[in-house]
Each structure stands twice: as C-alpha cells, then as structure tokens.
Amino acid sequence: MSKMNKLSKLLLIDLECTCNDDPPLPKGEAEIIEIGMVLGQLGSKGFTVIDELQLYIQPTARPILTRFCTELTGIEQKTVNDAPLLKAALKQLADFLEKHSPSAWGSWGKFDARQIEMETANKSLPNPLASMPHHNIKQLFARKRGHRVGLARAVQLSGLSFQGRHHSGLDDTRNIGRLIDHDDLLREAVMKRI
C-alpha cells in the first residue's frame, strides 16, 4: 500500500495558556491551562474523528487568570481552580496516547510543541509527546496555499466557517481537523509526512 493510500492516526493538539495583554507575560512564564485534542483517522479520502479529549490544568506560577485571558479563551477561574495540576493532566494525555497509539501529532504552528517541551522541562515532568513526530499544520497550509495565516483565516480561505469558540483548545483542534478533512492539498501534505 502506498504512503498516500494508507490510513494513519493523527492527533491534533491545541494549547491555551495563561496570558495578559498589557503588560504581556514575560517570555517563558505562560502556563498551560487547557489541552484540546482531536484524534482522527487520516486517509486520502479525509480525516475522520475517532476521539476527543479536553483537559483543563491549574496554573501554579500565576494561579489567578487575568481578565484578558478569560475573555480570550473563555476559561473561567473556577474551571482552573477545580482542574488538576499539569503532572496529572500529562498522565491523562499519556493514557490517551497509550489507548490510541497515534502515528504523529500536529498543531497550528510551533507554539504548542515548544510550550509543552519548555514547560515540562521547567517543571521536571515527562513530556508524553517527546518521542512522537510533530507536524506544523500552519506551515504545511502556507506552503500549499501561499498564505501564512491564523487558523480562523485559514478556515475561511478554505470556504468553511469557524465552528465553536476561537481560542478554545478543543474547538481549535476540531477546526484544524475540519480543515484537513476539507482541503485535499493540505491533507496530502500531512499524509506525505506521516
């Protein structure tokens, strides 16, 4: 079976982190407060969702969310107060990976891969994604479409409407999945790398 005809499991991830607009948080001080995941079967005919997982995480360095962060992400203070710490959330992520055994993971840009790598290193925690290939879906879109744009604009350029709330980790991953399913050129580019 050729690479373009095989079916592969692709995990899409979008992180939301603590943030502020004025002043912005110092570089390296943002903490993950949501991991949105969509696992799908990727094939030449489309991207079919198999499972989803949304994990909220309690930040520790700056446990109080800024108003800007809540307005941007829709994540309320009570949600993160009641959420597990990153260590427990990473265990849930590792269990999800073990259950489904995806071939690779992808995100819209490099931020998600860099953030999880940096934060797990800073907190001396294992990174369950470390051994899995990461694909920058935003970069692949730009190569195929000639536009380096944000996710909402990419969805629009592909003739789709954004569904859900932008800057919700789970909704963003659902829209990345819809984009891969709808856009033959993008899907082919992703498949060539898995």
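The values are calculated or read from the model by the stated rules, or taken from the named source; none is laboratory data. Because the structure is predicted, anything quoted here is derived from the model rather than measured. Every residue, glycine among them, receives a Cβ derived from its backbone with ideal geometry; neighbour counts consider all protein chains shown. For accessibility, only protein heavy atoms count, side chains too; no ligands or nucleic acids. Shrake-Rupley method; radii C 1.70, N 1.55, O 1.52, S 1.80 Å.
Here are a few things to note about the model shown:
- Segment 33-59: number of residues that are charged (D, E, K, R) and over 26 Å from Leu72 (Cβ atoms): 2
- Among the residues of segment 114-124, just one is polar (S, T, N, Q), surrounded by 15 or more Cβ atoms within 10 Å (Cβ to Cβ) and either on the phi > 0 side of the Ramachandran plot or within 14 Å of the chain's Cα centre (by Cα) (or both), namely Gln115.
- Of all positions in segment 41-63, at least one carries a residue that is of a type in the set (S, T, N, Q) and over 24 Å from Asn136 (Cα atoms).
- Pair list, Cβ < 8 Å and 6+ apart or interchain, from segment 24-49 residues that are surrounded by fewer than 22 Cβ atoms within 10 Å (Cβ to Cβ) and of a type in the set (A, V, I, L, M, F, W, C) to residues that are modelled with pLDDT of 95 or more and not in a strand (DSSP E or B): Leu25/Thr18; Leu25/Cys19; Val49/Arg174; Val49/Gly177
- Condition check for Phe111: crowded, with 19+ Cβ neighbours inside 10 Å, under 25 Å from Ser8 (Cα atoms) and not aliphatic (A, V, I, L, M): no
- The requirement of being touching a His at 6+ places or on another chain (Cβ under 8 Å), within 17 Å of Gly169 (Cα to Cα), at pLDDT 95 or above and open to solvent by 40 Å² or more (accessible area, probe 1.4 Å) is not satisfied by Leu11.
- In summary, helices (runs of 4 or more DSSP H) completely within segment 60-109 and bearing 1 or more residues that are over 17 Å from the mean Cα position of the chain (by Cα), closer than 24 Å to His166 by Cα and without any contact (Cβ under 8 Å) to a residue 60 or more places away in the chain occur at 67-73, 77-81.
- For Arg145, the conditions (1) modelled with pLDDT of 95 or more; (2) on the phi < 0 side of the Ramachandran plot; (3) out of contact with any helix residue (DSSP H, G or I) (no Cβ under 6 Å at 6 or more places or on another chain) are fulfilled apart from (1).
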